[in-house]
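The values are calculated or read from the model by the stated rules, or taken from the named source; none is laboratory data. Quantities reported herein were computed from a predicted structural model and do not represent experimental measurements. Cβ atoms come from the backbone with ideal geometry, glycine included; neighbour counts cover every protein chain shown.
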Amino acid sequence: MNSSGPAYPLASLYVGDLHPDVTEAMLYQKFSPAGPIMSIRVCRDIITRRSLGYAYINFQQPADAECALDTMNYDVIKGRPIRIMWSQRDPGLRKSGVGNIFIKNMDDSIDNKALYDTFSAFGNILSCKVVCDDKGSRGYGFVHFETQEAANRAIETMNGMLLNDRKVFVGHFKSRKEREVEFGTKAMKFTNVYIKNFGEDYSDEKLKERLATLRTMTSPLIDSYQQAGYYMTVPQVRMFEQ
């Protein structure tokens, strides 16, 4: 094992959601049965040397890396299920949006493995994650497929379906810039507010009906997926408060 960065992308795995105490030795013990390993690196803070919660594992053979991905994903190490995916060192691939979808209004019981198991039927998944905070799931997540065709199939099939008795929204991933263009947030800068804390049973349709008397209401604010919200201009807010 060495401390160099991943140098074998065709046989390199990213291992995330690691317990802070997980070491290279623990990962070697876990992954070495899959095949010969070239290097393992747990990424750490440059000053404190504390684990950042993820690592890179480089196998000698791509087939061994694929075996580890297929058989060990979401296995538990020190009480936490680990999340394994192919290492993607090209930020352009991760940020391009191609093959990327987001899912919101998910039940709290949906974890990374459940999300992966649900969407893997539509194609090869490069990465999959439920967004969480200290309290648990925030009700939304992302799935990155290898192809756009797989992403399209997932959206067509799963959008509006029930997952654990909750109707989920599934759509194409949009960057912040794309959302700004679509919703006109640049033109409305400093005139927007966000409405929240109106209950989990308050749907988009109920909120639209409540605000129907206001003009030029735009669209749901997708920065918060667990509860819906809407942009309004300052004059509209004053009307709403009256």
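Among residues of segment 139-168 that are closer than 21 Å to Ser109 by Cβ, those with a beta-carbon under 8 Å from a residue that is part of a strand (DSSP E or B) and among the basic types (Lys, Arg) at least six positions away or on a different chain give the pairs Gly139/Lys104; Tyr140/Lys104; Gly141/Lys129; Phe142/Lys129; Gly160/Lys167; Met161/Lys167; Val168/Lys104. Considering the conditions (1) at pLDDT 95 or above; (2) closer than 24 Å to Lys129 by Cβ, Pro33 is excluded by exactly one of them, (2). Of all residues in segment 30-48, those satisfying the criterion of being within 14 Å of Tyr14 (Cβ to Cβ) and either in contact with a helix residue (DSSP H, G or I) (Cβ under 9 Å, 6 or more places away or on another chain) or surrounded by 18 or more Cβ atoms within 10 Å (Cβ to Cβ) (or both) are Phe31, Ser39, Ile40, Arg41, Val42. The residues of segment 49-59 that are in contact (Cβ under 8 Å) with a residue 40 or more places away in the chain and over 12 Å from Tyr14 (Cβ atoms) amount to a single one, Phe59.
Does Ile101 satisfy the criteria of being modelled with pLDDT of 90 or more and touching a His at 6+ places or on another chain (Cβ under 8 Å)? Answer is yes for this residue.
Residue pairs whose Cβ atoms lie under 7 Å apart, sitting 6 or more positions apart in sequence or on different chains, and linking a residue in segment 60-86 that is within 16 Å of Gln29 (Cβ to Cβ) to a partner that is of a type in the set (S, T, N, Q), are Ile84/Asn73. Checking segment 120-139 against the condition returns a match, with at least one residue being assigned to a loop (DSSP other than H, G, I, E, B), on the phi < 0 side of the Ramachandran plot, of a type outside the set (Asp, Glu) and exposed (fewer than 14 other Cβ atoms within 10 Å of the Cβ).
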